[in-house]
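Since the structure comes first, as structure tokens, the remarks are kept for the end.
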Amino acid sequence: MILSLRFAGRELRSGVAGFRIFLACLALGVAALAAAGSTAEAFRQGLASQSRAILGGDVAVSVEGRRFTRDEQAAFARLGPVTDTLRVRAMASGPAGEGDRRLAEVRGVDAAYPLAGAVKLTGATSLAGATATVGGVAGAAVEPELMARLHIALGERFLIGDTPFVARAAVADEPDRLGRGFALGPGILISKAALERSGLISSDALFGETVRIALPPGAAPARTAAALTRAFPNGGFRARGRNDAAAGLGQLIDQLEFFLSFIGLAALLAGGLGVSSAVTTYLNARKPSIAVLKALGADGPLIRNLYLIQIGALAALGVAIGLAIGAASPYLLGWIARNRLPVPVLFAVYPGPLVRAGLFGLLSAAVFSLAPLARARSTPPSSLFRKDLGGRVAFGPEVIALVLAAAGLVVLTVVTAPSALVAGVMLGGVLAGFLALWLVGQAAVRIAGALRRFASGSVRIGLANLAGPGAAARPASPSNGIGVALLTTVVLIQSSLLSEVRDVAPETAPSMVFTQIAPETGPAFDADMAAVLGPLTAGRYRRYPFATGRIAMIRGAPVDKGKIARGQRWAFDQDISISALGAAPSDAGVVEGRWWPADYTGPPLVMLDADIAHAAALKPGDAVTVSLLGRDLDAHVAGLRKVERSQFGASFPIILDADALKGANLREIAIAKTTRAQETAILARLGRDFPAINVISVREQLEAATKIFDQLAWAVRGAAAVAALAGLLVLIGAIAATAQARTREAAVLKVLGSTRLQILAAYCVEYGAVGVIAGLAGVLLGGAAAYPVITLVFHTRWAVDWSGIVAVLASVAGVAAVAGGIGAFAALARRPAPVLRSE
């Protein structure tokens, strides 16, 4: 080992000229993995460091459609100081209904709010002063976006519903904004007493109440939240501790981290071919040295250790470079985004993600380096003197280490994935993709050999090179193809989802939703809508009874949420939309059972969303208990229906027969398809005739979703481009590996009369063809990966962004051709005579 270290040190002193691609491939993949993990951890720690302020306390308990009972409030008060907040969605407008109207998230807070953090205001020194009642008119703190929309300034009056308020302050920031989750409109803060006096909180209104609790030191928020849920099993409220402060944002960060890390791992594997090629090229250059050492008596282990030390040292250097870049990524993000980040970030160096990325890098370096090393160790001196480093890899310690390293990669991927199934599917997909792309490379070589007989000149030379034993298509097709496949997958998923949001949803979904319609005003409301829309057809306008509730019992027993898939529990642990209909709507979509007659009277019947029913193993005829309107209603499942939530129609997960809720005097909901001009006219008319009716602009929500999705998609595209860059490095490595042979070939072609332009064109044909082959194969593979995600996971329509696909293909082919041209210039730079004399 001492002798191996001495020899390895001597060779390393000569520099790393043969290992630049090796270092670049390793550093790129490790940097992608480290950046994904470090950035996600920065967000995660940022949320954790401010979790109490984000939640508004140590525990938050929320309920929808009712107020907390005295027993519940007493239980909360026993735990520590509390603050009680009421929230409701209501229409806000300028004074006397003038100007624009906008749906707002109105929150009534008490004097103790906030328990944690502070509300930042402009125009007032305190929230109590901003929300105080002066001269019989209550004050409000309003978000600047809403003030601009309503055309009001500080000190001016505006209406919430039909109740006047004065905008005494503008809200710059709220400590619990992230903890409240998605909002349909900008926020208004008023006093709890003023909200109760406004009449917006009523038994048939869509309101909610949240109590936040400050626990004594040493108390466990998560355990306290769980204990409250157990103490009131029929309360129907949601209790959260600081570990769930950001309303699911932590889970989103986890999923995004895994997806970006998976892309980084794919880049590392794609670059692994470059690692293997670089090691092989380096050992080829050391053939005379290895042959002399073996002829002088050096055994296999000495040769292995000599070059294993060098490869290990350079692998450590490549990993270190990648880790340094990855560790700096959160700081770079903070410098670029500064104050535009939507969630708190805690910038620091986090060892966990760096250790994980380093392990991935070292294991992948071992997997792709040990095979050529084993080949060099087992090759006899006679073969080395003949410059033959080929042959089979003999079984030995290197092969055992290679198998262990590959197993380590698999285990590490599974351990760090959200689930073993997800990791298995993704690993299987990557391996299958590599195999398919390798087969494409082999097939391309054979096809090029067959086609060269029908070509002439530079094209014939290029095809002959492509069919030769050192063809770049063999290593470049898998590496470039996997990068193109990832980019294509991202582009296709993005284009389909954006098409759903920009094109499909505006055509099929309602553009406006109206809530809080009193049943007695329904005909008058229809008349107002008809005055703007014209004849009210089922394809443009519908109105339904509306309530909220949940399935509380199944077949006489309480719902066991543990037996329901996590993705479907939303229908059982929170209130969802319910309607009551007689005749079957045109979009009934019944898949099992049948709809009741239009004039049905009898025991309550219910139609369920098929997805919800299957999650709970429900079928027609089963008994369920639906909790709504403060009481439990026993019903039987009449049938299951396919609910298209993005379509224009009765997209309620639960529909009861009309007789079941007869006399309940339900508030109603209406949906309409409108143009922008009609939307403006409807808002003005309803502000005059029905100020209490809430209007949700779906168009605005879709535009906001498109903007967020675009920003997220660019990040994912950037990560996928890393894998494509790794493929390019492998192609450059393949060019470098054959540089000497290409120089000799160019010299021979010059002697035989070929011009520089012909030789350059031949190389561009060869490498351009490699880019086209890898690009087409990658596009097909990416399409095959994207299609099930789009249709089965997102349940959206397949839409191809042809401009994006063409851009990817053209970029790959162009870059490959340019790389080949650069390699040709290097070969053409030398004069033929010295090159041929060296042979």
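For the pair residue 636 and residue 590, what calculated FRET efficiency results from E = 1/(1 + (r/R0)^6), where r is the Cβ-Cβ distance and R0 = 22 Å, to the nearest 0.05?
0.90
Please list 3J(HN,Hα) in residue order for the stretch 78-84, calculated via the Karplus relation 6.51 cos²θ - 1.76 cosθ + 1.60 where θ = phi - 60°; whole Hz, with x for glycine and proline.
5, 7, x, x, 10, 10, 10
Just to verify a number: what accessible area does residue 801 come out at with the full protein assembly present, 1.4 Å probe, Å² rounded to tens?
Rounded to the nearest 10, the figure is 40 Å².
Counting only heavy atoms of the protein chains, get the accessible area per residue of the stretch 132-196 (1.4 Å probe) and round it to a whole Å² value.
38
Mind ranking 757-767, 397-407 by how tightly packed they are, going by the mean number of other C-beta atoms within 10 angstrom, highest first?
Order by mean packing, descending: 757-767, 397-407.
Ranked by accessible surface with a 1.4 Å probe, highest first, in what order do 329, 586 come? Mind dumping the intermediate values first?
Numbers: 329 25, 586 100 Å².
Ranked list, largest accessible area first: 586, 329.
Run the 1.4 Å probe and let me know the accessible area of residue 174, rounded to the nearest 10 Å².
In the full protein context, residue 174 sits at about 10 Å².
Quick one: grab the alpha carbon gyration tensor of the stretch 567-682, order the square roots of its eigenvalues as a ≥ b ≥ c, and give me rounded if a/c is under 1.5, else prolate or oblate depending on whether a/b is larger than b/c.
Verdict is prolate for the stretch 567-682.
Quick one: grab the alpha carbon gyration tensor of the stretch 27-131, order the square roots of its eigenvalues as a ≥ b ≥ c, and give me rounded if a/c is under 1.5, else prolate or oblate depending on whether a/b is larger than b/c.
It is oblate, given that a/c is not under 1.5 and a/b is not larger than b/c.
Just by accessible area at a 1.4 angstrom probe, what is the order of 802, 596 from largest to smallest?
Numbers: 802 170, 596 15 Å².
Descending order: 802, 596.
Which whole-Hz couplings ³J(HN,Hα) result when phi for each residue of the stretch 35-51 is put into the Karplus expression 6.51 cos²θ - 1.76 cosθ + 1.60, θ = phi - 60°, listed in order with x for Gly and Pro?
5, 4, x, 5, 5, 4, 5, 5, 5, 4, 5, x, 5, 5, 5, 10, 4
Would you mind checking which residues have amide H under 5 Å from residue 101's amide H? H placed 1.01 Å from N; only 5 or more apart, or other chain.
none
Along the stretch 592-600, what does the Karplus equation 6.51 cos²θ - 1.76 cosθ + 1.60 (θ = phi - 60°) give for ³J(HN,Hα), rounded to whole Hz, x for Gly and Pro?
Going residue by residue, I get 9, x, 8, 6, 6, x, 4, 9, 5 Hz, with x marking Gly and Pro.
I need the peptides 804-811, 57-64, 159-166 ranked by packing, meaning the mean over residues of other C-beta atoms within 10 angstrom, with the highest value on top.
Top of the packing list down: 57-64, 159-166, 804-811.
Provide the solvent-accessible area of residue 575, counting protein heavy atoms only and rolling a 1.4 Å probe, rounded to the nearest 10 Å².
Approximately 50 Å² for this residue.
What ranking, highest mean first, results for peptides 216-229, 356-369 when packing means the other Cβ atoms within 10 Å averaged over each residue?
Packing order, densest peptide first, comes out as 356-369, 216-229.
Please give, to one decimal in nm, the separation of the simple spin-label points placed at residue 806 and residue 447, each 7 Å out from Cα toward the Cβ.
Between residue 806 and residue 447, the simple spin-label model gives 2.1 nm.
Need the list of lysines near residue 294 for cross-linking: C-alpha distance under 17 angstrom, and skip anything on the same chain fewer than eight residues off.
Candidates past the 8-residue exclusion: 387.
If you roll a 1.4 angstrom probe over the protein chains with everything in place, what fraction of the accessible area of the stretch 57-188 belongs to carbon and sulfur, to the nearest %?
Carbon plus sulfur share of accessible area: 54 percent.
Mind listing the long-range amide H neighbours of residue 512? Cut-off is under 5 Å, sequence gap 5 or more, other chains count too, H placed in the peptide plane at 1.01 Å from N.
672, 674, 698
Rounded, prolate or oblate: which fits the stretch 86-222 when a ≥ b ≥ c are the square roots of the eigenvalues of the alpha-carbon gyration tensor, with rounded for a/c under 1.5 and prolate only if a/b beats b/c?
Because a/c hits 1.5 or more and a/b exceeds b/c, the stretch 86-222 counts as prolate.
What dipole magnitude, in Debye to the nearest 20, does the stretch 594-691 give about its Cα centre under +1 on Lys/Arg Cβ and -1 on Asp/Glu Cβ?
Charge dipole of the stretch 594-691: 400 debye, to the nearest 20.
How far is it, in nm, from the label point at residue 748 to the one at residue 162 when both lie 7 Å from their Cα along the line to the Cβ?
Label-label distance for residue 748 and residue 162, simple model: 9.5 nm.
The values are calculated or read from the model by the stated rules, or taken from the named source; none is laboratory data. A quick note: this is a predicted structure, and the numbers were derived from the prediction, not measured. Don't worry about glycine lacking a Cβ; one is built from the backbone with ideal geometry, like all the others, and counts go over all protein chains shown. Each accessible area value is taken on the protein alone, full model and side chains, heavy atoms only, with ligands, DNA and RNA left out. Shrake-Rupley method; radii C 1.70, N 1.55, O 1.52, S 1.80 Å.
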